[in-house]
1. Apply the Debye scattering formula to segment 44-84, with a single equal point scatterer on each alpha-carbon and no solvent, then give log10 I(q)/I(0) at q = 0.21, 0.29, 0.30 Å⁻¹.
2. What GluC sites (Glu not before Pro) in segment 73-172 are in a loop by DSSP, with at most 11 other Cβ atoms within 10 Å of the Cβ?
3. So what's the convex hull volume per residue for the Cα atoms of segment 151-289, in Å³?
4. Using the Cα centre of the chain as the reference point, and only Cβ charges (+1 on K/R, -1 on D/E), how large is the resulting charge dipole? Debye, rounded to the nearest 20.
5. In the Gaussian network model of the chain, springs joining C-alpha atoms below 10 Å, which of ALA239, ALA70, ALA97 carries the largest mean-square fluctuation?
6. I need the per residue convex hull volume for the chain, using only the alpha carbons, in cubic angstrom as a whole number.
7. Counting only C-alpha contacts under 8 Å and six or more residues apart, can you give the relative contact order of the chain as a whole percent?
8. Mean projection of the alpha-carbon convex hull of segment 73-201 over all orientations, in nm²?
Amino acid sequence: HTEDAAYNARVIAKNVKVLALADLFPDRLEHCRTQLGKVETNVPEDHRFIGFDSYKKLVQLPDVNYVILAAPPAFRPLHLRAAIEAGKHVFMEKPVAVDAPGVRSVIESGELAKQRGLGIVAGTQRRHQSSYVETIKRIHDRAVGEIVECRAYWNGGGIWVIPREPGWTDAEWQLRNWNYFTWLSGDHIVEQHLHNLDVINWVVGTHPIKASSLGGRQARTEPVYGNVYDHFATEFEYANGMRMFSQCRQIYDCTSNVSEAVVGTKGSSNCSDTIRSGQEWHYSGPKSNPYEQEHIDLIGSIRNGKPLNEAR
């Protein structure tokens, strides 16, 4: 994730330079440096940091003012707090935490960032995608009436897996294969399906108060897949009694569906570019790469003195 996010920021924003890199593993840092070489980045050796405390060294550099956090999600609250306390603006990948204490820590760091005039964007790129922004604005203006039902899906195939190599400790293998361990990723309902759940919460304007869920390991049962599930189905309930029905799956050779939808008293919408209410409306405005747009929006907000803050 680090090289992707840094590449996006470096390519699309003017007068942005990658000054430092930090990673737990030397080979991963070198891989990142190689990938960033595509945008003519040359990070000096004394600005490359390795180890569990590498983030502390990076955020203390006086010439760094914009930090990208893309370590496994379990470390995000700790890294965010250090960056904000060091006076840095932050782009952090999602999810921002894997448990309730981590979430509370991120909210606290967000409040500290507000006090210090620092920006934070959280990697939920749909919130920066023009078609979603315009469609959801219309839903908020009651284009579909009162919302009575929502649906959210990330049903897809498997993802990358890192087989264990001789000599690796349990900790190193889990850290390199972090998607497959709940303590590091929160499982794919948190790490991946979060995008769809966030869209529905954005549309509804609040968060659920209850959830009833089932899940299990049907296809990914070997030890290489750690302790995560491969499918979940959840019914969320909001304070007004409205329900969201959610599914997420990482199993090959099954029907895929990555989408969101809402049904209202006057119509329905896919939340991303279409509203059906009497007559059908389709988004036809400008389109941009949302992975780049989130950096454009954050950097622009910092430069105009009104930094975005998406921590909460």
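A short reminder: the numbers here are calculations on the coordinates, not readings from a lab. Owing to the predicted nature of the structure, the values given are computational and were not obtained by experimental measurement. Counting neighbours? That spans all protein chains shown, and the Cβs are built from the backbone with ideal geometry, glycine included.
1. -0.66, -1.20, -1.26
2. Sites meeting the loop and neighbour criteria: GLU146.
3. Cα-based convex hull of segment 151-289, divided per residue, equals 142 Å³.
4. Computed charge dipole of the chain: roughly 780 debye.
5. Among ALA239, ALA70, ALA97, the largest GNM mean-square fluctuation belongs to ALA239.
6. 151
7. 21
8. Seen from a random direction, the Cα hull of segment 73-201 projects 10.6 nm² on average.
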